[in-house]
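Handing you a structure now.
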Amino acid sequence: MTFTLKEDGKRLLVISFAALLLAVNLNTFVHTGGLFPGGVTGLTVLIIRCFEEFLGITLPYTVVNLALNAVPVYIGIRYVGKKLTLYSIYFLLLSSFLTDLIPSNAITYDILLISIFGGMINGLVVSLCLRNNANTGGTDFISLYFSEKKGFDTFNIILGANVVILSLAGILFGWNKALYSILFQFFSTQVIHLQYRRYQQTTLFVVTDFPREVCNAIYAVSNHGATIMHGEGAYKEQERSIVYSVVSAAEVKKVISAIRIVDPKAFINSLKTEALSGWFYRQPNE
């Protein structure tokens with residue numbers, strides 16, 4: 001586990017911005033709409049509201065959130081990655097502190113707009129953290145653990161698990177807010193799918209006159225191998241080589257750029273891979 005000033009300094013800045021964004025989102029959209037974001041954050045909000053509503057006690061967000069994240073943090077250290085977990089702890093501490101510090105402020109009272117835009121902001125926060133070797137804690141650790149084990153994106157499964165928390169919120173505080181909270185979580189998950197593509201794959205077919213060089217370029221960027229197939233161009237009736245490879249969707253732009261360097265005239269067809277069976281290299285979390 002090594003740290004570099006330039007790279008890790010940049011990550012800390014992005015994670016700090018994500019923590020601020022989450023705190024603002026919680027104290028504007030989520031608080032105004034009376035929503036429950038799902039995951040440990042949603043469970044934290046649910047516990048705080050239960051104490052306020054039924055016992056008249058105001059609990060600090062920081063204490064409850066950090067207590068609930070104790071087990072997920074252990075899972076992160078044990079199974080996901082120590083450096084990632086350290087960044088995540090930093091995010092948890094900063095976002096919790098800012099949530100208690102920043103005053104609540106309503107931007108809009110339209111519950112539908114709150115659910116949509118609040119969910120999108122929440123998804124952006126999660127994506128910023130995941131793309132910078134961190135996460136927002138709680139169920140994110142569980143998602144990453146199962147994604148590493150199963151080799152595919154499990155955030156939709158976590159979305160289903162969040163329904164349990166939201167159902168409890170519906171029983172206690174009314175189904176209207178719970179159903180809007182599911183909408184909030186849905187938009188959050190869709191933004192994560194668009195922004196974080198580590199567990200999505202792309203199939204590449206590259207028609208080239210330099211197959212070995214293209215294979216080397218693919219391997220240098222992604223650590224993925226390739227298969228060379230031989231064919232014939234129908235128009236000019238010339239022999240051509242086709243390089244077939246599957247790479248992470250998060251790396252595909254870098255891979256294509258590397259291919260363009262060794263063969264600017266290469267014909268590249270990229271396809272979304274729906275399912276993949278067999279060993280597929282994935283860079284481990286730090």
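Name the one entry in 222, 188 that is in the same structural domain as residue 246 (by TED's automatic domain parsing), small (Gly, Ala, Ser) and touching a helix residue (DSSP H, G or I) at 6+ places or on another chain (Cβ under 6 Å).
Working: 188 fails: in the same structural domain as residue 246 (by TED's automatic domain parsing).
That would be 222, the only listed residue that is in the same structural domain as residue 246 (by TED's automatic domain parsing), small (Gly, Ala, Ser) and touching a helix residue (DSSP H, G or I) at 6+ places or on another chain (Cβ under 6 Å).
Restricting to segment 1-32, name every residue that is touching an Asp or Glu at 6+ places or on another chain (Cβ under 9 Å) and of a type in the set (Ser, Thr, Tyr).
Step one: filter segment 1-32 for residues touching an Asp or Glu at 6+ places or on another chain (Cβ under 9 Å), giving 1-2, 23.
Residue satisfying the conditions is 2 alone.
Suppose we filter segment 128-141 for residues that are among the β-branched types (Val, Ile, Thr) and assigned to a loop (DSSP other than H, G, I, E, B); how many remain? Give the derivation first.
Within segment 128-141, the first condition is being among the β-branched types (Val, Ile, Thr), and the residues that meet it are 136, 139.
Narrowing the set further to residues that are assigned to a loop (DSSP other than H, G, I, E, B) leaves 136.
Within segment 128-141, residues that are among the β-branched types (Val, Ile, Thr) and assigned to a loop (DSSP other than H, G, I, E, B) number 1.
Hey, could you check segment 209-243 for residues that are among the basic types (Lys, Arg) and under 25 Å from residue 257 (Cβ atoms) and say which is modelled with the lowest pLDDT?
Ranking the qualifying residues of segment 209-243, first place goes to 240.
Kindly state which helices (runs of 4 or more DSSP H) lie completely within segment 156-264 and contain at least 3 residues that are surrounded by 14 or more Cβ atoms within 10 Å (Cβ to Cβ) and touching a Pro at 6+ places or on another chain (Cβ under 9 Å). Steps first, please.
Values: elements: 175-195, 211-222, 252-262.
Qualifying helices (runs of 4 or more DSSP H): 175-195.
So residue 205 fits all but one of (1) modelled with pLDDT under 75; (2) out of contact with any Asp or Glu (no Cβ under 9 Å at 6 or more places or on another chain); what number is the exception?
Answer for residue 205: the failing condition is (1).
Next question, about the same structure. Just give me the residues in segment 36-66 being outside any helix (DSSP H, G or I) and at pLDDT 85 or above, in sequence order. It would help to see each step written out before you state the result.
In the first step, residues of segment 36-66 are kept if they are outside any helix (DSSP H, G or I); the result is 36-38, 56-60.
Matches in segment 36-66: 56, 57, 58, 59, 60.
In segment 73-127, how many are basic (Lys, Arg) and either modelled with pLDDT of 85 or more or outside any helix (DSSP H, G or I) (or both)? Spell out the reasoning first.
Kept after step one, since they are basic (Lys, Arg), are these residues of segment 73-127: 78, 82-83.
Cutting the leftovers down to either modelled with pLDDT of 85 or more or outside any helix (DSSP H, G or I) (or both) gives us none.
Result for segment 73-127: 0.
The values are calculated or read from the model by the stated rules, or taken from the named source; none is laboratory data. On a predicted model such as this, the values are computed, not experimentally measured, just so you know. Quick reminder, even Gly has a Cβ in these numbers, built from the backbone with ideal geometry, and neighbours come from all protein chains shown.
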